[in-house]
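What follows is a single structure, written as structure tokens, with notes after it.
None of the figures in this text is laboratory data; all of them are computed from the coordinates on show. Keep in mind that this is a model prediction, so the values were computed, not measured. Glycine gets a Cβ as well: all are built from the backbone with ideal geometry, and neighbour counts include every protein chain shown.
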Amino acid sequence: MDWFPVLEIGILNGWLHFGFYLVVFIITLSTCPKEVKKRLFDRSLWNRNTKIITVIGKSFSFLNIFMIIFGKLAIGTTEFMIGTILYLCGLTLLVVGIINFRSAPLNEPILNGLYKISRNPQMIALYLMFLGMILAIGSGISLVFLTISILCSHFSILGEENSLKQQYGESYIDFTKKVPRYFLFV
């Protein structure tokens, strides 16, 4: 793994992984009704700090996207193989998470599917997928960017949880007592 990958326009770059993710994401999202999409992207109850932290985290995510798109795939390396497996696992979990989100009642916390084991399965899936893409291009600096994105995302999630408590009240508080924020015990 190189600290800084060679960035170039090429056929065998990380854009292949990223482009496939976009196609799958758009197709999956297109199966959701308008109300579900609105709920998925609703930030109306977020406070100012949550929005600022989210923008910072997204900025590092966009740096990673740039590195992934123009980073040459490290085909034939162990990192590429592990990365591609993590990417495909993350992509699969993301699709399942969106389907679970889509099928949940609009006026209640989401309690089905992956949401039984994590309050944030889509975020876990996204970051697992990004970790896979970063390993596939073999970029050390992108791992740093991903770590910063994840830390910012954690604080965004804390803010989001406050707004969900306001929105759903006791049913969401009960949900937080039963289901970990991320996975298993975390």
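Annotations for the structure displayed:
- Note on region 110-131: residues that are surrounded by fewer than 22 Cβ atoms within 10 Å (Cβ to Cβ) and either in contact (Cβ under 8 Å) with a residue 60 or more places away in the chain or touching a strand residue (DSSP E or B) at 6+ places or on another chain (Cβ under 7 Å) (or both) total 5.
- Within region 67-81, the residues that satisfy the criterion of being surrounded by 14 or more Cβ atoms within 10 Å (Cβ to Cβ) and touching a residue at least 24 places away in the same chain (Cβ under 8 Å) are MET67, ILE68, ILE69, PHE70, GLY71, LYS72, LEU73, ALA74, THR77, GLU79, PHE80.
- Flag for LEU93 being within 24 Å of PHE175 (Cα to Cα) and of a type in the set (A, V, I, L, M, F, W, C): yes
- Matching residues, region 21-50, being surrounded by 12 or more Cβ atoms within 10 Å (Cβ to Cβ), assigned to a helix (DSSP H, G or I) and touching a residue at least 12 places away in the same chain (Cβ under 8 Å): TYR21, VAL24, PHE25, THR28, LEU29, VAL36, ARG39, LEU40, ASN49, THR50
- With respect to the conditions (1) part of a helix (DSSP H, G or I); (2) in contact with a helix residue (DSSP H, G or I) (Cβ under 6 Å, 6 or more places away or on another chain); (3) closer than 28 Å to LYS34 by Cα, ILE68 falls short on a single one, namely (3).
- GLY83 passes every criterion in (1) over 20 Å from ILE53 (Cα atoms); (2) not in a helix (DSSP H, G or I); (3) not aromatic (Phe, Trp, Tyr) apart from (2).
- Any pair with Cβ under 8 angstrom, 6 or more apart, that starts in region 82-109 at a residue that is without any contact (Cβ under 8 Å) to a residue 40 or more places away in the chain and ends at one that is assigned to a loop (DSSP other than H, G, I, E, B): ASN100/ILE110; ASN100/ASN112; SER103/ASN112; ALA104/ILE110; ALA104/LEU111; ALA104/ASN112
- The sole residue among VAL24, VAL6 that is in contact with a strand residue (DSSP E or B) (Cβ under 8 Å, 6 or more places away or on another chain), farther than 18 Å from ILE150 by Cβ and of a type in the set (A, V, I, L, M) is VAL6.
- Any hit, region 109-119, residues being outside any helix (DSSP H, G or I) and basic (Lys, Arg): yes
- Restricting PHE183, PHE155, PHE130, PHE145 to those that are outside any helix (DSSP H, G or I) and in contact with a helix residue (DSSP H, G or I) (Cβ under 9 Å, 6 or more places away or on another chain) reduces the list to PHE183.
- Only one of ILE75, ILE52, ILE68, ILE9 that is farther than 20 Å from PRO121 by Cα and touching a His at 6+ places or on another chain (Cβ under 9 Å): ILE68
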